[in-house]
Structures are given as C-alpha cells and as structure tokens.
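K.L.:
Starting off with a structure, shown below.
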Amino acid sequence: FHAWVEGRFGQQVMLDPDDLPGRADSGIDGDDDLEELIRTFEAGPFAERRPLQVEPAFALVLGGQVVRGRIDAVYDAGEGRYLLVDWKTGRHLEPEPLQLAIYRVAWAELHGVPLEQVRAAFFHVRTGELVEPPDLPGRAALERLLTTG
C-alpha cells in the first residue's frame with residue numbers, strides 16, 4: 001500500500017518497501033485485500049489531496065539517541081501549517097501516538113516551523129478514519145521519556 005501511494009503521487013519507489021526495516025504493510029492479506037484498501041483510499045479524503053511530500057526521511061537526536069524514520073505523507077494545511085499523516089493498513093491496530101510526536105518534532109525542527117503549526121494524525125485506510133491524538137508531547141517531554149524509560 002505504501003508503495004502504491006508513493007507511485008500515485010509521483011514518488012519513484014527505488015527500493016522494495018518490504019526491504020526496509022519496519023516498512024512492510026501490516027495486515028494486508030494478498031492482492032485482493034490490497035485492491036480493497038486502494039478502493040477505500042480512493043473514496044476517502046486524501047484521494048485527490050496532493051501531499052507536499054511523500055516518505056520524507058528524518059534523523060533526530062533525542063536524549064542523546066538518534067531516531068531515524070520516514071513520515072508517510074506531509075500535507076500543506078495553509079498559513080504555514082502542516083498535517084503529517086501516517087497510513088495504517090492493519091485491521092486491529094492500536095497505533096502509538098509517540099510515533100506521531102516524534103514526527104512532529106522532527107518536521108518542525110528540520111523546517112524551522114513552530115511545533116504548534118504541525119499537526120499529526122493516523123489515517124486508518126480500512127475505515128477512512130483520521131485519528132489525531134490530542135496533546136502530543138514536544139521535544140522536552142520526549143527526551144524525558146527516553147531517558148527515564
């Protein structure tokens with residue numbers, strides 16, 4: 001699914017996404033299931049909304065540890081604001097909001113944007129539900145979590 005989204009929005013897939021650690025789509029049961037996810041996506045709010053970037057990579061130092069990752073999609077939300085979206089393809093996922101908190105801090109710092117101007121959400125492709133966890137922690141709280149366990 002992730003590779004399909006990259007191709008849909010003009011990103012060239014240079015590696016098989018399944019070769020990258022943590023990049024395999026979870027919970028997709030073959031081609032028919034993938035086709036159903038694509039149909040659901042194409043009927044949803046992001047079908048025609050062109051992302052500013054797809055799969056931008058980042059490296060962020062938090063509490064002395066380097067955290068690397070890729071954000072599934074970044075959208076321009078107008079007036080210097082951004083919406084970061086993480087696609088979720090599984091059936092029974094309880095996504096970790098700290099993932100989005102890390103994405104927000106990374107995007108804000110790498111692009112010189114105040115953290116308050118960066119929103120982050122999970123998009124559950126199967127249901128079309130956009131979930132934006134409230135009160136995502138900033139840099140200081142993330143570093144405390146990493147250093148205190």
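K.L.:
For R49, project a label point 7 Å along Cα to C-beta. Then give me every residue of the stretch 59-89 with its amide nitrogen under 19 Å of that point.
P.N.:
Only 71-89 pass the distance filter.
K.L.:
Could you report the chain's accessible area per residue, 1.4 Å probe, as an integer in Å²?
P.N.:
I get 56 Å² per residue for the chain.
K.L.:
Within the stretch 110-149, what whole-number % of the accessible surface is contributed by carbon and sulfur, with the 1.4 Å probe and all protein chains included in the calculation?
P.N.:
Its accessible area is 54 percent carbon and sulfur atoms.
K.L.:
How large are Rg and Dmax for the stretch 51-99 when calculated on the C-alpha trace, in angstrom?
P.N.:
Taking only Cα atoms of the stretch 51-99, I get Rg and Dmax of 13.0, 35 Å.
K.L.:
Could you state the angle between the C-alpha long axis of helix 139-148 and the longest principal axis of the C-alpha atoms of the chain, as a value from 0 to 90 degrees rounded to the nearest 10?
P.N.:
80 degrees
K.L.:
If you don't mind, another one. If a/c stays under 1.5 just call it rounded; otherwise compare a/b with b/c (prolate if a/b is bigger, oblate if not). Do that for the stretch 92-149, with a ≥ b ≥ c from the square roots of the Cα gyration tensor eigenvalues.
P.N.:
oblate
K.L.:
For E35 and D76 in the same chain, what is the full-extension length gain: residue separation times 0.36 nm, less their Cα-Cα distance, in nm?
P.N.:
Working: separation 41, 0.36 × 41 = 14.76 nm, distance 2.76 nm.
Roughly 12.0 nm would be gained on extension.
The values are calculated or read from the model by the stated rules, or taken from the named source; none is laboratory data. Small disclaimer: the values here were computed from a predicted structure and weren't measured. Please note: Cβ atoms are built from the backbone with ideal geometry, for glycine as well, and neighbour counts cover all protein chains shown. Heads up: the accessible areas ignore ligands, DNA and RNA and are worked out on the full protein's heavy atoms, side chains in. Shrake-Rupley method; radii C 1.70, N 1.55, O 1.52, S 1.80 Å.
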